[in-house]
Amino acid sequence: MKTFEELGVSPEIRKAIEEMGYENPMPVQEEVIPYLLGEGNDVVALAQTGTGKTAAFGLPLIQKINVKNRVPQALILCPTRELCLQIAGDLNDYSKYIDGLKVLPVYGGSSIESQIRMLKSGVHIIVATPGRLIDLMERKVAKLDTIGNVVMDEADEMLNMGFTDSINSILEKVPEDRNTLMFSATMSPEISRISKQYLRNAKEITIGTKNEGSKNVNHIAYVVHAKDKYAALKRIADYYPQIYGIIFCRTRKETQEIADKLIQDGYNADSLHGELSQAQRDLVMQKFRQRHLQLLVATDVAARGLDVNDLTHVINYGLPDDTESYTHRSGRTGRAGKTGISIAIINLRERGKMREIERIINKKFIVGEMPTGKQICEQQLIKLIDDIEKVKVNEEEIESFLPGIYRKLEWLSKEDLIKRVVSMEFNRFLEYYSNAPEIETPTVTDRRGEREPRERKEHGSSREKTERKAEKGYTRLFLNLGKTDGFYANQIIELINRNMKKQRTTIGRIDLMQNFSFFEVAEKQANDVISALNKVNLNGRKVVVEVAGENSGKSDNGGRKNSSSRKSASTKEKTAKSASPKAAKERKLSRAERGYTEERGPKKQDDWKQFFNSDNSKKKSSKLKGEEPDFNEEGWARRKKQNKTVYKRKKGVSKTDGTPFF
């Protein structure tokens with residue numbers, strides 16, 4: 001194994017990376033660094049995420065920079081804002097002892113004015129997302145004619161995200177005598193095409209096998225019915241008490257719904273997807289990196305390029321549509337020589353995808369057996385005992401309190417005390433799993449009845465939401481705030497807790513709609529919650545909470561109790577009664593069926609005729625002379641068109657006065 005000194009890395013950079021904990025170069029660094037330190041060497045490097053790619057291209061780029069010349073000399077393109085900031089941060093750490101070297105991250109979602117000011121003041125390395133860089137190029141601010149080295153990190157993902165045209169436009173503005181490096185986890189046809197078009201005699205460096213998964217990751221598949229996926233996810237999270245991982249979902253909607261359910265069920269979780277603002281994304285990532293969150297529910301694009309150390313698990317809530325995405329997902333764990341676990345929760349219809357992934361990554365999935373309630377409780381108990389063993393005791397701080405504690409607990413034996421401590425922390429799991437039904441493993445014969453979950457069509461769990469039946473012991477309430485108002489599960493819980501200060505509210509299921517929401521509270525507390533929340537105003541808008549009506553339809557018109565729903569129900573009831581055979585037999589015939597042609601009631605003359613009869617003429621009506629006038633629209637009362645003459649061409653006479661025309 002070579003050292004960084006043998007690879008040709010300068011002393012200033014070696015000093016910085018040694019302080020960061022770098023001892024020996026990783027395989028990708030050993031291959032790439034010496035090659036990039038030369039001139040005119042283009043590279044296509046295939047390596048998994050977490051193999052040390054950033055240092056592999058970052059160290060030689062920094063070493064080749066002429067600090068005295070304050071113009072852009074190196075350009076790094078990456079697909080996401082998070083990856084852009086991560087690379088820029090790493091480059092600043094590597095160049096700690098190189099005075100005056102400027103690295104500028106350029107990405108959307110932040111102030112473009114500050115980026116323009118920095119570019120005008122002079123920078124050496126630009127780390128950019130393609131969209132924002134194109135914007136700066138069009139404003140004539142980002143000038144690339146001095147660029148000598150171009151790096152495309154996560155190139156396959158940039159192409160998948162539709163940046164092909166942007167990349168072409170950028171590379172056309174860079175001098176042809178540049179060095180170009182493409183890093184990718186997978187080799188797709190598009191990568192091959194771009195490399196042939198823009199790279200000259202590129203050397204292909206492959207760490208491992210093309211498109212292969214990381215060797216440090218174990219792949220486990222749990223096969224369940226589609227309806228049991230969320231229950232399976234909870235069991236897996238409970239079975240690994242020390243879990244610190246990412247749950248990947250297909251869509252933004254599914255991501256938010258799964259995160260909301262986990263938060264509601266008491267897990268330290270949050271979501272990361274494209275609908276969040278940059279400030280929200282930064283806050284979520286900060287909490288996750290500081291381990292204030294155990295589980296991050298994310299889409300593939302949002303999690304792209306995240307650099308989070310020591311992830312223990314990656315959970316696929318269903319397999320991705322393209323097998324390459326699975327390689328990127330599983331690459332989030334098992335990094336820097338550590339082991340990780342990639343779990344897939346699938347149904348029978350996804351087994352074909354699983355076999356395809358096995359072929360691509362050259363690894364077999366271990367078909368896992370769903371943990372039982374007893375096994376989960378054992379794991380949680382072991383974790384609790386470990387926490388008690390590892391707790392640090394501050395003797396000086398608690399010494400004054402100990403005599404009173406000893407007196408209070410002296411009647412308890414050691415065994416009783418241990419039982420009570422364990423039960424206090426452990427009762428939640430015991431109560432839940434003592435009554436929870438075991439999750440069945442589907443067999444091949446069940447495949448005919450298995451259906452793909454609705455989330456795949458972006459409908460989420462709409463079927464569950466529209467059932468609108470409260471759990472036993474709970475009351476379902478309507479709230480006039482929804483996703484459009486930025487209201488998700490945690491905001492609803494916060495709203496309730498903030499306004500129910502005098503009592504602890506038991507909250508059940510929460511269903512989020514676009515413009516309103518439903519939530520369940522304990523029956524005894526329902527009236528108090530309604531009374532408290534109906535007094536609240538949020539940003540000048542009155543909060544409305546009321547008991548939701550039961551509705552099994554698919555329309556989201558609130559599900560509130562109203563007169564129209566009661567009328568509809570009564571109409572249906574009448575229709576059902578009349579549909580019975582006995583009712584049809586006894587039904588009275590209509591007047592039309594009995595031969596009547598006129599309506600019921602006294603026969604009246606037309607209104608205009610009554611004025612021609614005297615008061616004493618009930619026996620004999622006055623006889624009217626002449627033809628009865630026609631009051632229809634087609635008769636003499638029809639409105640005539642003014643100042644217009646219509647001609648009958650066939651007869652040659654005017655329609656209004658009958659005179660001939662010429």
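Filter Lys96/Lys173; Lys234/Lys363; Lys483/Lys542 down to the pairs with a C-alpha to C-alpha distance above 23 Å, please.
Cα-Cα > 23 Å for Lys96/Lys173; Lys234/Lys363; rest within.
To the nearest 10 Å², what's Thr206's accessible area with a 1.4 Å probe?
Roughly 50 Å² of Thr206 is accessible to a 1.4 Å probe.
Mind checking which of Ile62, Pro130, Ala88 is farthest towards the positive end of region 1-131's charge dipole, using Cβ charges of +1 (Lys, Arg) and -1 (Asp, Glu) about the Cα centre?
So the residue furthest toward the plus end is Pro130.
Once you have the Cα-Cα distance between Ser111 and Lys419, take 0.36 nm times their residue separation minus that, and quote the gain in nm to one decimal.
105.2 nm
Packing-wise, with mean Cβ within 10 Å as the measure, how do 76-85, 475-484, 530-539 rank, highest first?
76-85, 475-484, 530-539
For the pairs Lys261/Lys287; Lys120/Lys287; Lys140/Lys196; Lys2/Lys203; Lys102/Lys196; Lys15/Lys64, flag any whose C-alpha to C-alpha distance is greater than 23 Å.
Check vs 23 Å cut-off fails for Lys120/Lys287; Lys140/Lys196; Lys102/Lys196.
Sequence-distant or interchain residues sharing an amide H contact under 5 Å with Val127, placed H: which?
Hits under the 5 Å cutoff: Ile76, Leu104, Val106.
How much net charge surrounds Ile116 when only other residues with a Cβ under 15 Å from its Cβ are counted (Lys, Arg +1; Asp, Glu -1)?
+4
Taking amide hydrogens as modeled 1.01 Å from N in the peptide plane, which residues meet the under 5 Å criterion relative to Val150, leaving out close sequence neighbours?
Leu75, Asn179, Thr180, Leu181
Let me know the shape class of region 80-129, please: from the alpha-carbon gyration tensor, a ≥ b ≥ c as square roots of the eigenvalues, rounded when a/c is under 1.5, otherwise prolate if a/b is greater than b/c, or oblate.
oblate
5 Å is the cut-off here: which amide hydrogens, built 1.01 Å from N in the peptide plane, fall below it relative to Leu477, excluding neighbours closer than 5 in sequence?
Here the answer is Phe519, Glu520, Val521, Ala548, since their amide H atoms fall under 5 Å of that of Leu477.
Through the Karplus equation 6.51 cos²θ - 1.76 cosθ + 1.60, θ set to phi - 60°, convert the phi angles of region 365-378 into ³J(HN,Hα) values in whole Hz; use x for Gly and Pro.
With the stated coefficients, region 365-378 comes to 6, 8, 6, x, 9, 4, x, 7, x, 5, 5, 5, 4, 5 Hz.
Which ³J(HN,Hα) values in Hz, rounded to whole numbers, follow from the phi angles of region 248-262 under the Karplus curve 6.51 cos²θ - 1.76 cosθ + 1.60, where θ = phi - 60° and Gly and Pro get x?
9, 10, 6, 10, 4, 5, 4, 4, 5, 5, 5, 4, 4, 5, 5
Measure off 7 Å from each Cα along the Cα-to-Cβ vector at Asp265 and Ser192, then give the distance between these two points in nanometres to one decimal.
4.4 nm
The values are calculated or read from the model by the stated rules, or taken from the named source; none is laboratory data. Note that this is a predicted model, so its numbers are computed, not measured. Every residue, glycine among them, receives a Cβ derived from its backbone with ideal geometry; neighbour counts consider all protein chains shown. Each accessible area value is taken on the protein alone, full model and side chains, heavy atoms only, with ligands, DNA and RNA left out. Shrake-Rupley method; radii C 1.70, N 1.55, O 1.52, S 1.80 Å.
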